[in-house]
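The values are calculated or read from the model by the stated rules, or taken from the named source; none is laboratory data. All figures in this text were calculated on a predicted structure; none of them were measured in a lab. As a convention, Cβ positions derive from the backbone with ideal geometry for all residues, glycine included, and neighbour counts pool all protein chains shown. Heavy atoms of the whole protein, side chains included, go into the accessibility calculation; ligands, DNA and RNA do not. Shrake-Rupley method; radii C 1.70, N 1.55, O 1.52, S 1.80 Å.
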Amino acid sequence: MTATNTRERVAAALEGLTFELVDTRDGMLTLRVPSATVRTVLERLHGRAGFEQNTLVTAVDRFPEEPRFDVIWQFLSYDHNDRVRVETRISGANPSVPTCTDLWSGASFSERECFDMFGIRFDGHPDLRRLLMPQGYTHFPLRKDFPHGGIEPDRLYREWDAKRRAEWGANA
Amino acid sequence: MTSHVFEYTRGGNNEPVPDSDDPVHGKPMLVNMGPQHPATHGVLRLVVELDGETMHSIDPDVGYLHRGKEKTCESLGWHKFFPHTDRLDYVQPLMNNCGYALACEKLAGITVPQRGQDVRVLLMELSRVMAHLIYIGTTSIDLGAVTIFFYAFRMREEIYTILDAYSGHRMNNTYVRIGGVYADVDDTVEALIEKFLAETPARIDEIEKLLSANRIWYDRNRGVGVLSVADCKRWSLSGPNMRGSGLAFDLRKAQPYSGYETYDFDIPVGTVGDAYDRYLVRMEEMRQSIRICRQAIERLKKTKGEDVLVEDRRYVLPPKGAVMSSMEELIAQFKIVSDLRLPKGEAYHAVESSKGELGFYLVSDGTSRPVRCHIRAPGLMNVQAIPVLAKGRLLSDMVAIIGGLDFVMGEVDR
Amino acid sequence: MGSLKPADSEGLGFLATRVDELINWGRKNSLWPMPLGLSCCGIELMAMIGPKFDLARFGAEAARFSPRQCDLLVVAGTLTWKMAEAVRVIYDQMPDPKWVIAMGVCSSSGGMYDSYAVVQGVDSILPVDVYVPGCPPRPDAVIDAIIKLQKKIERESPVRRLLKGPGVIDETGTGRNFKQPNFAFDHSSLDLHPHDPKAKIEELQK
Ligand code: SF4
C-alpha cells in the first residue's frame, strides 16, 4: 500500500477532473474537490479506482467560517489495501451534497447520521431520516453553535408525558 | 498471510418455507421489538413487518443510547476524552482506548516505546477475548443455552481480576494514555495473566464442545444470515463478519499498528458466511488472541524496567512519581490535562476491534479544542446489515442474526 | 421476621407474627429484578448475576424481562431522553409494590455525560429508592444496595398501604401520585397534594 501507487491510480481514475491534494498528518491520500464535481469523483473512485468499501461519511463544522461545512468521505480498497479520503466544502445555508448510497449501500446510515448531526441533506438518499436523535427533534447537535448541554433536551419527553397524564385523567 | 480454513460438512437446505396456507398469510403485521427486549443486546429497536412469521421489512431504530460522545470530545479536549472512549464499546474498554490513543499519536506524530506497545497488544488481545466472551454468552443465552453464559462469565471474571489488579477497576479502566500506557505491568499481574493464559484454551474447548455439535445451536445458526464477501464490502462490514464470509482481511495484518506485524498469529476465515461460520471464526480468534498474549508476555519479561510512556512533554503526561516531587513536571501535567494542543491537521486511525474496523477520525486546528472527533463504529454497520440478512427469514431467526452480527449499542449510538 | 414468637409453649407448631412483618419478609427475600441493562453498567449487572457474585444468595436472581413479573427495577446504565419514554412505560407496567435501584452514576445523576441527549438522573422521570455510585459500581456495591433495599422494605407497612392507599415512601413528586393503569386503588384524594401528601395521609389515618 505505497502512497505513490494509490496516488497514481486515483489520478488516472480522476483524469480530467480538478482536485487538490491535501496534506494530512496520517499520510492518507486526501483529495479536496469542488462540490459541483464531487458526485463524479465518487463514481470514478467506485468504478475505476476500485474502492469497494465506504468507511465513513461525516462532516466538519468550520463555523463561523463560510462556506461552513467540510463533508468527508473515506473509502477502502481491499484489493489494493489502501484508503482514500475525499473532502468538499459546502455553504452553511441549506447545505446539501449528492448521496453515494447507490454506489456503496453501506453509506446509508453514515449519511443519515451526518444529516441528523449537521443538517446536511444528501440528495437522492432513499430514506433520509434522523438516525440517532428522536424524530421530532429540531436541532443539529454537532454544529458548533449548538451548546453541549443541548436546547430543550427534554421537550419531547415532557410533551409525551403531559399527553399521557391527560389520557389517564380522562379515563379514570 | 497464513490463514486457517474451517472445513465442515453441512446437510440439508435450511431456507424457510413460506407459510402460504397460513390464515394470516398475506396480512402484514407490524411488530415492535425493543428498545427494551432481551434479545436485542441493549437498547436497539427493530420495527419488523411480518407476513405470518416471515419478516418482510425491518427498520432498525438506533439512538436510544446516543450520549453525544463526539460533541463531548469537542467540548472536553483531547486528553479528557479518554474515559469516554472506554464507554464506547463497553465490553472491550481497552481496545477503544488504544484506538483513540493511536489516532491521537498519529496526529501528534509520536511513537510509543516498544514496551508500551507490547503492553497495549496484551491489553487489546485480552479485550478481544472479553468481547467475544460476551458475544458467546449472550447469544447462547438467547438461543437457549444458558450454561454457556455462566462459563463465559467465569472466564470474564478472570480477565476482570487481571484488569483489577492492573488498573484498579474491573471494567472501563482508562488505562491507556497518549504516548503509551499509564503504568507498567508488575509481577503479580504477570502471574495472573500467565495463569489465565494457561487455563483458557481448555475452557474455550469446553465451550466449543458444548456448542459446535449441539443440535439446537447448529440448526439455529446454520444457514442463517448468509453474507457473501461482496455483500460485506458493499454494506461496509468488517472484522469477524467479513472473515466469516471467507475474506482473510485483518487490519492487524493488512495495516499493522502497535507492532502486530512482529507477532505470529493466524486469521481464521469461514467458508459460507452464515452465523455459524461467524461463531467458529470468533472462537478461533479467541485462541489466536491467547497466542498473541503469550508472545506479548514473553516480550514483556525480556524488557522489564523499560519505559512504557514516551518522554515528550508536549503531549505526554509525566510519570506520576515525578509529578509528586518536581514542580516542572507538575506544571507539565497540569498543562497536558487541561490544555493539550495537538498539531493542526487531520488523522484517521483504525484498529481491528472485536466487531470490525474501529476508526477514529480526528481533526485539530492546533488549539486545545478538538474540531472534530468522528468515531467510525463497526457496530453501526453491523446494525445496518440486519435488514439485509433478516429479510425473508422467520422472526425467530432474528435472534441468531442479531447475535451473529455482534454489536454493542454503546458504540453504535455513541 | 423480627418479632416471631411461639404462640404457645406446648409446641403445637404455631407461630405468631404481625401480618406486616410476614408480608415484608416475603417481599424482601424474593425480589424479582427487571434488569434494565441500558449500557456499560448492564454488563456489570450480568456479572453480578453470573457465577462469581451469585445474586441468588439474596433471593434476587429471578431476573425477568417482562416488567409485569417484576417488582425491582434496576436501571443500569445511561438513560437518554429518547429512551426515557420506554423506561417510564416499563416502570408503569410493573405491578405494585415496586422499587427502583439507580445503578451507576449515569442513572443516579447523569454522571460523566453532561450532554444534550442524556437524562440527568433517572429521578427526573421516576422515583428512586437506592442510588449506587460508581462507574460502573462493583457488583459488591450493587449487592449492598439490594441489602439496603431489603432493610428499607422491612420498615414498610404493607397492611396500612393495602387498607388506606399508598404510604409515604413513594410520594416523591415524580409522578407516582396520579392514576396509572396498573394502580389497584384510587389515589385521587392524594392528587391534590402531589408534593406534600403527608397532611393528607395523616388525615386519612385518623
Ligand atoms: S455509570 Fe459509568 S459504567 Fe455505568 S452506564 Fe454510566 S458510564 Fe457506563
**Request:** Mind listing whichever residues of segment C:39-80 are aliphatic (A, V, I, L, M), within 16 Å of the ligand (Cβ to nearest atom) and either out of contact with any Pro (no Cβ under 9 Å at 6 or more places or on another chain) or part of a strand (DSSP E or B) (or both)?
**Result:** C:LEU73, C:VAL74, C:VAL75, C:ALA76, C:LEU79
**Message:** When the residues of segment A:132-159 are narrowed to those that are among the charged types (D, E, K, R) and without any contact (Cβ under 8 Å) to a residue 60 or more places away in the chain, which ends up least open to solvent (accessible area, probe 1.4 Å)?
**Reply:** A:ASP154
**Asked** What is the one condition in (1) at pLDDT 85 or above; (2) within 16 Å of the ligand (Cβ to nearest atom) that C:ASP123 does not satisfy?
**Response** (1)
**Among (1) outside any helix (DSSP H, G or I); (2) open to solvent by less than 40 Å² (accessible area, probe 1.4 Å), the one test that A:PHE115 misses** = (1)
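Quick check: anything in segment B:164-173 on the phi < 0 side of the Ramachandran plot and touching a residue at least 60 places away in the same chain (Cβ under 8 Å)?
Within segment B:164-173 (the criterion being on the phi < 0 side of the Ramachandran plot and touching a residue at least 60 places away in the same chain (Cβ under 8 Å)), the answer is yes, since at least one residue qualifies.
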**Complete:** Only unsatisfied item for A:ASP26, checking (1) acidic (Asp, Glu); (2) under 17 Å from B:ARG376 (Cα atoms); (3) open to solvent by less than 20 Å² (accessible area, probe 1.4 Å), is (3)
**Complete:** Over segment B:75-104, the set of residues away from the ligand (no atom under 16 Å from the Cβ) and in a loop (DSSP other than H, G, I, E, B) is B:GLY77, B:TRP78
**Request:** Please give the number of the condition A:PHE75 fails out of (1) touching a Lys or Arg at 6+ places or on another chain (Cβ under 8 Å); (2) more than 8 Å from every other protein chain (Cβ to nearest Cβ); (3) surrounded by fewer than 22 Cβ atoms within 10 Å (Cβ to Cβ); (4) more than 30 Å from C:TRP81 (Cα to Cα).
**Result:** (3)
**Whichever residue in segment C:94-113 is modelled with pLDDT under 85 and within 12 Å of the ligand (Cβ to nearest atom) and, among such residues, is least open to solvent (accessible area, probe 1.4 Å)** = C:GLY110
**Message:** Cβ contacts < 8 Å: first residue without any contact (Cβ under 8 Å) to a residue 40 or more places away in the chain, restricted to segment C:43-55; second residue open to solvent by 10 Å² or more (accessible area, probe 1.4 Å) and within 16 Å of the ligand (Cβ to nearest atom), any location; separation 6+ or different chain. Result?
**Reply:** C:MET46/C:PRO35; C:MET46/C:GLY37; C:ILE49/C:PRO35
**Item:** Pairs where the first residue, in segment B:314-341, is within 16 Å of B:HIS79 (Cα to Cα) and the second is outside any helix (DSSP H, G or I) and open to solvent by 60 Å² or more (accessible area, probe 1.4 Å), C-beta under 6 Å, 6+ apart
**Value:** B:ALA332/B:ARG313
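Just checking, does segment A:63-70 include any residue being assigned to a loop (DSSP other than H, G, I, E, B) and within 12 Å of chain B (Cβ to nearest Cβ)?
Yes, there is a match, as at least one residue in segment A:63-70 is assigned to a loop (DSSP other than H, G, I, E, B) and within 12 Å of chain B (Cβ to nearest Cβ).
Rundown of residues vs (1) loosely packed, with under 15 Cβ neighbours inside 10 Å; (2) in contact with a Cys (Cβ under 7 Å, 6 or more places away or on another chain); (3) more than 14 Å from every other protein chain (Cβ to nearest Cβ), yes/no style:
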residue	(1), (2), (3)
B:PHE196	no, no, yes
B:THR200	no, no, yes
B:TRP217	no, no, yes
B:ARG220	no, no, yes
B:LEU237	no, no, no
B:MET242	no, yes, no
**Message:** Could you go through segment B:307-330 and let me know if any residue there is crowded, with 20+ Cβ neighbours inside 10 Å and in a helix (DSSP H, G or I).
**Reply:** no
